[in-house]
Every structure is written in structure tokens, then in C-alpha cells.
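Worksheet for the structure shown next.
The values are calculated or read from the model by the stated rules, or taken from the named source; none is laboratory data. Note that the structure is predicted; figures quoted are calculated from it, not measured. When we count neighbours, we look across all protein chains shown, and the Cβ atoms used for this are built from the backbone with ideal geometry, even at glycine. Surface areas here come from the heavy atoms of the whole protein model, side chains and all, with no ligands, DNA or RNA. Shrake-Rupley method; radii C 1.70, N 1.55, O 1.52, S 1.80 Å.
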Amino acid sequence: MANPNAVSNGHLHCHQKRNNLLKSGIYKKNGIAKEIKKNGISNGGLYKRPFNEHFEQAPMYVAVLTYVGFGVGTIFGYLRDFMRACGLERCSLAAEREEQKDFVPLYQDFENFYTRNLYMRIRDNWNRPICSVPGPQFDLMERITDDFNWTFRFTGRTIKDVINMGSYNYLGFAETDANALKTVADELQNYGTGVCSTRQEMGNLDKHVELENLVARFLDVEAAMVFGMGFATNSMNIPLLVGKGCLILSDELNHTSLVLGARLSGATIKIFKHNNMQSLEKLLRDAIAYGQPRSRRAWKKILILVEGIYSMEGSIVRLPEIVALKKRYKAYLYLDEAHSIGAVGPTGRGVVEYFGMDPEDVDVLMGTFTKSFGAAGGYIAGKKELVDFLRTHSHSAIYATSMCPPVAEQIIRSMKCVMGLDGTTQGLQRVRQLGENTRYFRQRLHEMGFIVYGNDDSPVVPLLLYMPGKIGAFARRMLDKNIGVVVVGFPATPITESRARFCVSAAHTREMLDTVLNALDELGDFLQLKYSRHSRSSHPELYDETGFELED
């Protein structure tokens, strides 16, 4: 067996580990390893810091009751559909006009079964109209329904100072301070609000060039290109990098923008289990051994798609292991740092810095400005050859309107603050405060007995609710306590894993977090949400019997 502390040379081999690990006390009862990473990689080898994640399994009765809840909801849904068909119950959902009854239906009524009979019951928990900046607190326009969430009407009342636990305002740059936004106001005065052209025509401004140079400096890469929309940064540029005859290996929990970009590319797509290196290596090994289907020709390219922080799980990509596999099998790596850039790493430079790695180990660095930087848009960074190719061929550069100058200035001023180029240490203080708030919030939730997914350093904190009936009750009661939360259920999550997703911010004070935690403690008892038994993960593929170590 290889030395667990061996330094990476890119060669991997399997070994039997479970008995030795149990004897050495590395595994805890809940399956969370303190001394090594969960799939057997030594912290002393690939990892320079402890890497702890939690995916605890709920008691069996919770899963059973969750399925029963969906079953009962389905039965009553069919009953209510029957009553609507008989005219016994009003249905306010959109329907084809009577004069169109002989046409082919534009949309099928049954396709909305889930929307009509489950989503409508809890619809009031989404799309709430906010009427202030999404800072640590926000103001909310009160609305009520007279027909069980089919329609809403506003009361004219504003709910003030709701604690914001749902926005991606990680570093607190979504703010209205006049002094902080002075440069943004100046650019608005100088440039106006719109560009009215694409980058390749009349929309390439000096602010864009300044921003791109700053992003490249921030990430320590050769070049970068910025785009006006974060979603399109993935979906419109991945098709340029791969095509027919190429293979994409995508994490099963990747964001929709990555999934759409992969589908539009025309490349063959294969999915590996979330953050599972055994699953990824098997796909890489098979791709090298067997090549393309039928022809058996070698793949033109193999591209691995991963995220820095996964926005539904709160987990962090196992970047050192993926880079080791990428180098061994001569694949390319595309890293989406939408949620991780600015949010992790000693100076906020994302998961590459978090793991102490070289940015050159990642072929395509992607990120967005919509979260940590309080603005809009995205970037792709890396080698100059890559960026020059995108400037010429990117659909976003050819067809999409350029980023408006005030937004570019907002990104510049917030990024300079993080880098310390504004002459202060305020940016670094925000990064550190975010880390402290994240660890404090997660630790308190674990101590209370909630099941919380993700990495200890991830500001995305999913708290598991499980049962569909508790989704609406949780969000409504939290709002009654002046706390705004985001709740997520099927089909956005697995059917048995409905959850509330908290996003911690550097702008949250300790008093705000304590207020939220006290409310959660009370509500957890009332709704019986404290399911934690410190049991083994509900994602057993993360803890396979076989692990990997690096050879000397």
C-alpha cells in the first residue's frame, strides 16, 4: 500500500482501505472523515487543509412519510381534477379558448398536474416582490390571496427589515451606500445605461477592457473575457469548445447552464456521480480504452465539467483529485466558479486558491459577477489563445449586447476592494467575515440537530425539510418572524430531499444570525425538523469501499 502522505505525480491505484481506516479511528460513526478525505485521499497528500462535508441520511420513517405525502397529494390531485371537470371547483389556470377547441392544443393540460395540485398550494412562498436592495435585510411588499394562491393582490403594506437569508450577496456588495457607489454613479453619468451594440461592433468600451484586465490579474491568468449574462456565459460558450466527436463528462448535479451548453454542443455527454472520483475515473478509463461508439476512434477532446460550489448541495468540488485525473488521462477541465469566486479562499479567489493550486491546472475558468460582486454578467479566463478564440467566435460576443458600463464599474470597484487596490483592507475583512459567519451558522445548525448538507466552508447551507407539507409551513412561519428564506422541492431536488437553502453573507451581523438560529431552533421543534442522528451519508457513492492514493 502506498504511503498516504505521498506527493501527487498523477498516478492512481486502488487499494483496500476500510479495515485499516476503521482500526486507525479515521472514520467517525457518521461516516465523516477528519483525517482523510471521504473517498480515501490523504489530506497530507493532495489536500493541504481539512476537507469536511456532511450528507447525513434521515431516519427511514422520514423517507416513508415523504413518499406517503406525495402519494396522498397525487390522489387528492386527481380528485380535484375530476371536480374541476364536473364544474364543482373553479380552475383559474390558463386554458385554450373555446373557439380553439378544434385546433391542435398549444399545451397539454395534464402536463400541469404537478403545478395545479401541489405547487399552487405553496405558490405564495416564491416570487415575492422585494422593494429594496437585497442586502442583509430587505423590504417586502405584502400580498394576500383570496382563491388559494391562484391569484394575489397587494395590500399596500410593506414588511420592513426582513432578514435576508436567500440572496447570493456573499460579500455584501449589494448595497446602496452613496460613498461606495460614487464611481458607479459617475460612470452612469458619463456612459448612460445601455451600450446598444455587441462587442464586435460598436459595443467594445474601455470599461470592458479595464474589467477584463482586472479579472485576469485577480485570477492570475493570461487573459479573460467578460459577458453580460452569467447563464449565457456557460450555455453559449461551451458549444464553441467541444462538438461532434468530443466527449463531455459532467457532474450529475451541475447547473442547468452547464447542462444546456453541453447539450447544444452536439458532443457526447456522460454523467458521473456527484463529486465521486471512482465514477469519473471509470468514465475516463473507458473513454481512453474504447473511444467513440461504433467507430472506436479516439475522442477529439474530453472535457470535464464541474462547479466550484454546488448551489443545491453546498458541497465543494474535489479539485485536487479531478486535476490529478485530468492530467493522467489528458483531458480538459472546465470549472464553473459562479458560487465560489469571492466566497472561498484566503483572499476570495475561489476554489483554486482554496486548495492552494495553480490556476494553470484548470483549462477554462468560468465565474459570474452576480453573487459575490453584487452585479451581473460572467467571465471566462485562461490562456490567451483560449480568450482570443472566444472573442472571435463566441455567440455572446457576436450577437449579445455588451455589458452596460455602470455594471462593469460596480464589478471593478468591488473586485478592487477584494484585491486591496482601493487602499483599504475592507475586502479582505469581508472575505474573512464570510468565512466566520459560515462556520458559525453551520456549526450551530449541527448542534441543534438539523440535517445540513455540504462543506463546512460553503456559504450555501441546505437544511433538509424532506416532507412536502413542511415546505410551505416552514417558509411562511419564518416570514412571520421577519426572516426571508428560499425553500426548494421536487423537481428541483430529489423527491425525498426538499430543503431550505440559506445563503450566508459577510454583511450579516452576529445578532442577525442569532435571530435566525433562535427562530430555527423554535421552528425545528414545532415542525419536528431535527432529524439528525449522525448517521451514514444518504449518498453512499461518496464513500465507496475502494479509494485512491497517489503513488510515490
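Using the Cα centre of the chain as origin and beta-carbon charges of +1 (Lys, Arg) and -1 (Asp, Glu), tell me which of 208, 494, 230 is placed farthest towards the positive end of the dipole. Of the options given, the answer is 494.
Work out the FRET efficiency for residue 98 and residue 74 from their Cβ-Cβ distance, taking R0 = 30 Å, and round it to the nearest 0.05. My answer for the efficiency is 0.55. At R0 = 35 Å, how high is the FRET efficiency between residue 290 and residue 115 if r is their beta carbon distance? Nearest 0.05 is fine. E(calc), rounded to 0.05, equals 0.25.
Shape summary of the chain, radius of gyration then Dmax from alpha carbon positions: 24.7, 76 Å. Dipole check for the chain: with +1 at the C-beta of Lys and Arg, -1 at the C-beta of Asp and Glu, and the Cα centre as origin, the magnitude is about 1260 Debye.
Across the range 131-143, computed HN-Hα scalar couplings (Karplus, 6.51 cos²θ - 1.76 cosθ + 1.60, θ = phi - 60°) run 10, 7, 5, x, x, x, 9, 9, 9, 10, 7, 6, 9 Hz from first to last residue, x flagging Gly and Pro. Here is the P(r) of the range 316-452: all C-alpha pair distances, binned every 10 Å from 0, give 10, 32, 35, 18, 4, 0 in whole percents. Here is the tail figure for the range 402-508: Cα pairs spaced more than 18 Å apart come to 62 percent of all pairs. Under 5 Å from the amide H of residue 203 lie the amide H atoms of 198, each residue being 5 or more positions distant or on a separate chain, with H modelled from the backbone and absent for Pro and chain starts.
Beta bridges from DSSP with both residues in the chain: antiparallel share about 65 percent, rounded to the nearest 5. Residue 285 contributes about 110 Å² of solvent-accessible surface, heavy atoms of the protein only, 1.4 Å probe. The spacing between the range 175-228 and the range 371-415, judged by their C-alpha centroids, is 8 Å.
The listed residues 168, 440, 67, 531 rank as 67, 168, 440, 531 when sorted by accessible area, largest first, using a 1.4 Å probe. Residue 508 sits with roughly 10 Å² accessible to a 1.4 Å probe, with DNA, RNA and ligands left out of the calculation. Across all Cα pairs in the range 409-449, the calculated P(r) in 10 Å bins from zero up to the longest distance comes to 29, 33, 21, 15, 2 percent per bin.
Solvent exposure of the chain amounts to 46 Å² per residue of accessible area, where only protein heavy atoms count and the probe is 1.4 Å.
Computed log10 I(q)/I(0) for the range 314-363 at 0.18, 0.25, 0.28 Å⁻¹: -0.53, -0.96, -1.14, from the Debye equation with unit scatterers placed on every C-alpha and solvent omitted.
The slack between residue 347 and residue 360, meaning 0.36 nm per residue of separation minus the straight C-alpha distance, is 2.9 nm.
Place a label point 7 angstrom from the Cα of residue 436 along the Cα-to-Cβ direction, then list the residues of the range 149-192 whose backbone nitrogen is under 19 Å away. Label zone hits: 170-173.
Normalised Debye scattering of the range 207-365 at q = 0.08, 0.13, 0.16, 0.19 Å⁻¹ gives log10 I(q)/I(0) of -0.22, -0.60, -0.91, -1.27, counting only Cα atoms as equal scatterers and leaving out solvent. With a Förster radius of 30 Å applied to the beta-carbon distance between residue 388 and residue 176, the computed FRET efficiency rounds to 0.20.
Model label points for residue 49 and residue 477, set 7 angstrom from Cα along the Cα-to-Cβ axis, are 3.6 nm apart. Between residue 395 and residue 64, the contour length at 0.36 nm per residue exceeds the alpha carbon distance by 114.4 nm. Residue separation of residue 419 and residue 202 scaled by 0.36 nm, minus their Cα-Cα distance, works out to 75.1 nm of gained length.
For residue 432, the solvent-accessible surface computed with a 1.4 Å probe is close to 140 Å², ligands and nucleic acids excluded.
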